[in-house]
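Derivation of every value follows stated rules applied to the coordinates shown; laboratory data play no part. Keep in mind that this is a model prediction, so the values were computed, not measured. In this analysis, Cβ positions are derived from the backbone assuming ideal geometry, glycine residues included, and neighbour counts consider all displayed protein chains.
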Amino acid sequence: MIAPLTGPAAPGPQPGALAATIAINHRLYGNCPALCRTFASGEGGLIQLRGDGALATGPADGEELAGFLHFAGVRALRSDSAAPAGWRPGPPVCQLALTGRLPALCAPAGMWLTEEPSPRLAAGLQPGLTEEERDNLYADLCTRRNHGLGALVTAVEAGGGPLGCAALLLEPDSRTAVLTAVAVTPAARRRGAGRWLVAALCRPYQGWRVLLECASALTAFYAPLGFTPTAQAPRWYRPPEEM
Ligand SMILES: CC(C)(COP(=O)(O)OP(=O)(O)OC[C@H]1O[C@@H](n2cnc3c(N)ncnc32)[C@H](O)[C@@H]1OP(=O)(O)O)[C@@H](O)C(=O)NCCC(=O)NCCS
């Protein structure tokens, strides 16, 4: 049965990327239903609503889940196990974990790192976002960092301003970090900035479980950094006739 979560979203000792993300979001925004609502489902299953998207981890009954998501106005779901009955699967997302040692990478010529977040960068490279959604994403990353539940780096070039960024969501109880918002401006790509940014950001967390989700084409970008695939999970979309 799906019911509002009353206690903390305990992620367990070995959470996957989605379970860790749900726990961090709940810790940060759990008392603000306009930003995030978390529900328990079945034996240890969790469902989290944010805007018209949702995250799910662990078991849930497919029929009940589809009805619940429809009622909540959700259009897209990222789930590592539960499948809503009748929903369309999208291209699978690869789940990766840092299992090797991060390489020591030199800064590409003329670039340096700053912890100053760059609003235009962190959000601007994600396609299809409105100006308001970009502002929200920037505010979200800053909020996480200010609460010790996030870390971020920005790459800057002399005379050119910010050119790349990467962020980690931090779940300190299980020492789990989830990599997110990795982006380099098109003009600065293929000069080593992307891998350098990720290596620099993740280095302080090498003793943690460092996880990420990405499109399968990007596993080649992450492999030399020490990330290996652990699983594939589909994204789920509500059938058009129900929207
Ligand atoms: C993915 C991204 C961050 C890479 O940044 P970058 O600065 O170009 O990365 P690097 O220069 O460090 O790339 C090193 C290597 O990674 C691989 N690589 C880079 N981009 C890749 C991509 N889009 N797909 C597959 N492999 C890629 C290549 O092997 C590249 O080496 P090469 O230039 O010798 O071929 C950048 O393309 C980007 O911002 N893309 C849009 C946002 C995005 O997809 N973010 C990732 C979310 S998980």
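Give, in nm to one decimal, the length gained when the segment between GLU241 and ASN31 is fully stretched (0.36 nm per residue of separation minus the Cα-Cα distance). Don't skip to the end; give the middle numbers.
Numbers: separation 210, 0.36 × 210 = 75.60 nm, distance 3.35 nm.
Full extension of this stretch gives 72.3 nm more.
Angle check, please: helix 17-29 long axis (alpha carbons) against the longest principal axis of the chain (alpha carbons), in degrees 0 to 90, nearest 10.
90 degrees
Only loop residues by DSSP count here, and only those with at most 13 other Cβ atoms within 10 Å; note down the GluC sites (Glu not before Pro) in segment 1-72 that meet that. Please report the intermediate quantities before stating the final value.
Values: sites: GLU43, GLU63, GLU64; in loops: GLU43.
The qualifying sites are GLU43.
Which percent of Cα pairs goes in each bin when the distances of the chain are cut into 5 angstrom slices starting at zero?
Cα pair-distance distribution for the chain, in percent: 1, 6, 13, 17, 19, 18, 12, 7, 4, 2, 0, 0.
At 222 nm, what helix-only mean residue ellipticity would the chain give, in deg cm²/dmol to the nearest 500, using -39500 (n - 2.57) for each DSSP H run of four or more? Mind showing how you got there, number by number?
Details: 6 runs with 60 residues, N = 243.
My calculation for the chain gives -7000 deg cm²/dmol from helical runs alone.
Once amide H atoms are built 1.01 Å from N in the peptide plane, which residues 5 or more positions from ALA231, or in another chain, come under 5 Å H to H?
For ALA231, the qualifying residues are GLN95.
Sort 99-108, 170-179 for me by packing, meaning the mean count of neighbouring Cβ atoms within 10 Å per residue, highest on top. It would help to have the intermediate numbers written out before the result.
Numbers: 99-108: 13.0, 170-179: 20.6.
Output ranking for 99-108, 170-179: 170-179, 99-108.
Which of rounded, prolate, oblate describes segment 102-205, given a ≥ b ≥ c as roots of the alpha-carbon gyration tensor eigenvalues and a/c under 1.5 marking rounded, otherwise prolate only if a/b is larger than b/c? Show your work: numbers first, answer last.
Numbers: a/c = 1.93, a/b = 1.10, b/c = 1.75.
Oblate, because a/c is 1.5 or more while a/b does not exceed b/c.
Got a sec to turn the phi values of segment 195-212 into Karplus ³J(HN,Hα) couplings, 6.51 cos²θ - 1.76 cosθ + 1.60 with θ = phi - 60°, whole Hz, x for Gly and Pro?
5, 4, 4, 5, 4, 5, 5, 7, 3, x, 10, 4, x, 8, 7, 9, 10, 7
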